[in-house]
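Colleague: I am attaching a structure below and will ask some questions about it afterwards.
Please treat every number below as a calculation from the coordinates, not as lab data. If you're wondering where the values come from, they're calculated on a predicted model, not measured in any experiment. Cβ: placed from backbone, ideal geometry, glycine included. Neighbour counts: every protein chain shown.
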Amino acid sequence: MQAEPRQTFIAIDNAQGAGEAAVLDFGPAGRPVDIVFSHANGFNALTYRTVLAPLADEGLRILAIDQRGSGLSRLPAETEGRTSWMGIADDLLAVLTALEIENAVLAGHSMGGTVSLFVAAREPGRVKALGLFDPVIPTIEMLERARTGGLTHSLLTQGALRRRNLFPSRAAALEAYRGRGAFKTWPEAMLADYVEAGLRDRDDGQVELACSPAWEASNFSSHAHDPWAAFAESRCPIRILKAENGSTCSAAEGPLTADGRIRIETVSGTSHFLPMEAPDRVQAVLRDLAAL
């Protein structure tokens with residue numbers, strides 16, 4: 001039986017605005033943190049409970065963070081003037097610093113993987129290894145488009161702005177999502193966890209998305225950062241699992257993987273929602289990295 005994670009809040013005060021980051025703490029409380037996990041754009045830490053909790057039952061201690069603008073975190077999420085994900089990397093580093101976490105594995109899905117990479121590049125001595133699950137690694141050409149505002153009207157950005165924001169209840173949201181669109185390959189437990197922490201109660205009795213459509217769209221359009229430089233600046237072992245279909249990771253075997261420090265694997269039959277579709281592969285990578 002999986003133990004429930006402990007919910008904690010960590011004070012943050014940086015250029016993005018002061019508040020508290022919500023953190024789920026899985027596993028033995030007296031043990032140093034083995035893994036710090038960051039979620040994808042629009043998701044939340046609880047979404048990955050069924051992936052992370054079994055590893056905690058094996059004795060690992062894992063933190064999963066609700067990023068700014070997501071889940072239960074109490075941090076301002078201002079979109080005006082925002083151009084990159086470096087502020088989210090600042091928040092992750094602030095949590096690591098506040099909790100005095102050293103020599104841990106940083107891991108994440110999609111945007112969460114990329115942000116973990118940025119932290120490893122900024123403070124390479126702090127990070128033991130990286131586990132990146134279909135991270136967002138655009139081509140150089142796409143990054144150039146992003147720097148000139150070329151993603152403001154992308155299909156992902158515009159789709160996020162059109163997302164339904166209000167539901168009469170969490171049960172209604174769960175029914176609306178089940179088996180549809182991006183959620184069609186999700187196990188029921190993961191979808192229920194996403195809905196539980198991904199919606200906030202309103203005074204009028206309805207629930208609304210914790211990650212607002214505007215914030216999700218801002219994440220899709222803000223790419224004035226350089227993951228390729230971050231690969232070069234990092235020093236730790238990196239494991240990347242790529243989706244076979246519709247991957248957001250353009251990194252491939254070649255010069256990037258020549259020295260063996262970075263390993264890239266494509267997981268057959270998966271989409272960008274790889275942790276939902278192949279949780280066993282994600283767990284195996286995290287288990288291996290934690291053992292280094």
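Colleague: Looking at segment 1-127, I'd like the Rg to Rh ratio, where Rg is from alpha-carbon atoms and Rh is Kirkwood's inverse mean 1/r.
Modeller: That ratio is 0.94, to two decimals.
Colleague: OK, next. Tell me, how many Å apart are the Cα centres for segment 124-146 and for segment 81-118?
Modeller: Here the answer is 12 Å between Cα centres.
Colleague: For segment 188-292, take the convex hull of the Cα atoms, compute a quarter of its surface area, and give me that in nm², please.
Modeller: Its Cα hull, projected and averaged over all orientations, spans 9.5 nm².
Colleague: Can I ask one more? Which shape class applies to segment 1-69: rounded if a/c is under 1.5, otherwise prolate when a/b exceeds b/c and oblate if not, where a ≥ b ≥ c are the square roots of the Cα gyration tensor eigenvalues?
Modeller: prolate
Colleague: May I ask for the distance between the Cα centers of segment 155-227 and segment 1-26, given as a whole number of Å?
Modeller: Their Cα centres are 20 Å away from one another.
Colleague: Using the Cα centre as the reference, give the magnitude of the dipole from point charges on the C-beta atoms of segment 93-184 (Lys, Arg: +1; Asp, Glu: -1; all else neutral), rounded to the nearest 20 debye.
Modeller: Roughly 540 debye for segment 93-184.
Colleague: For S250, list long-range residues whose amide hydrogen, built 1.01 Å from N in the peptide plane, is under 5 Å from its own amide hydrogen.
Modeller: HN-HN under 5 Å from S250: I137.
Colleague: How large is the dipole of the chain about the Cα centre if only Lys and Arg carry +1 and Asp and Glu carry -1, each at its Cβ, rounded to the nearest 20 debye?
Modeller: The calculation lands at about 340 debye.
Colleague: Something else: What residue among R239, R180, R147 has the largest mean-square fluctuation in a Gaussian network model of the chain, using Cα springs under 10 Å?
Modeller: R180
Colleague: Calculate the tail of P(r) for the chain: the fraction of all Cα-Cα distances greater than 28 Å, expressed in %.
Modeller: 32
Colleague: For segment 140-254, state what percent of all Cα-Cα pairs lands in each successive 10 Å bin, counting from 0 Å until the bin that includes the largest distance.
Modeller: 11, 30, 32, 22, 5, 0
Colleague: If each DSSP helix of 4+ residues adds -39,500 (n - 2.57) and the sum is divided by the residues in the chain, what number results at 222 nm, nearest 500 deg cm²/dmol?
Modeller: -9500 deg cm²/dmol
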